[in-house]
Amino acid sequence: MIFRQLYEPDSSTYTYLFGCRDTGRAVLIDPVLETVERDLSALQELDLTLSHTLDTHIHADHVTSACRLRSLTGCKVAYPEMDGLPCADLGVSEANPLREGSLTFQPLFTPGHTDTHHSYLIDLSGSLRVFTGDALLIDGCGRTDFQDGDAASLYL
Ligand SMILES: [Fe+2]
């Protein structure tokens, strides 16, 4: 399994790249428009084909590059099913994880930062990790004061 943490400073967005060595295919969690070229370069350097983008949530403070990457690479766009996005190729939910080769992205419903926010539980070579988007940050949590945020939901 291949894993990279990537950072975009203008929107303070962490994007995560996961690659399956068996299939040569990759998934990007929370890619943003500012870093399309960086993400394509990373995939090329690692000799990976982008299979899916997977977003934790929709928000004005970071604009996803999912549809741009789809038009450039032919990847599929995955979102939390409850968002009901017409542009999504597939919806994920706690009952419907995303699988790519040896990788499984298990959605966890984590509302509060937005009302449909999902985190993703992933087994990284025997070590379980949760990718929490903007629900849970280092030394804090995501803001809840705009665009479908709710502090009580985040606390629960
Ligand atoms: Fe956000």
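The values are calculated or read from the model by the stated rules, or taken from the named source; none is laboratory data. In this text, all values refer to a predicted model and were calculated from it rather than measured experimentally. As a convention, Cβ positions derive from the backbone with ideal geometry for all residues, glycine included, and neighbour counts pool all protein chains shown. The area values use the complete protein model at the heavy-atom level, side chains included, leaving out ligands, DNA and RNA. Shrake-Rupley method; radii C 1.70, N 1.55, O 1.52, S 1.80 Å.
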(request) Give Ala78, Ala42, Ala66, Ala95 a once-over and let me know the one that is open to solvent by 30 Å² or more (accessible area, probe 1.4 Å) and either among the aliphatic types (A, V, I, L, M) or in contact (Cβ under 8 Å) with a residue 12 or more places away in the chain (or both). (result) Ala95
(request) Spot the failing condition for Tyr120; the list is (1) closer than 24 Å to Arg4 by Cβ; (2) more than 16 Å from the ligand (Cβ to nearest atom); (3) open to solvent by less than 30 Å² (accessible area, probe 1.4 Å); (4) modelled with pLDDT of 95 or more, and only one is missed. (result) (2)
(message) Only one of Leu69, Leu103 is at pLDDT below 95 and within 19 Å of Gly133 (Cβ to Cβ). Can you tell me which?
(response) Leu103
(message) Please determine whether any residue of segment 88-107 is in a loop (DSSP other than H, G, I, E, B), within 16 Å of the ligand (Cβ to nearest atom) and closer than 14 Å to Ile58 by Cα.
(response) no
(request) State whether one or more residues within segment 141-151 are open to solvent by 30 Å² or more (accessible area, probe 1.4 Å), on the phi > 0 side of the Ramachandran plot, part of a loop (DSSP other than H, G, I, E, B) and away from the ligand (no atom under 16 Å from the Cβ). (result) no
(request) Only one of these is in a strand (DSSP E or B) and free of Cβ contacts under 8 Å to residues at least 12 places away in the same chain: Tyr7, Tyr16. Name it. (result) Tyr7
(message) Against the condition closer than 21 Å to Asp148 by Cα, surrounded by 19 or more Cβ atoms within 10 Å (Cβ to Cβ), within 16 Å of the ligand (Cβ to nearest atom) and of a type in the set (Asp, Glu), how does Asp55 come out, does it pass?
(response) yes
(message) modelled with pLDDT under 95 and among the charged types (D, E, K, R): which single residue out of Asp55, Asp30, Asp22, Asp39 fits that description?
(response) Asp22
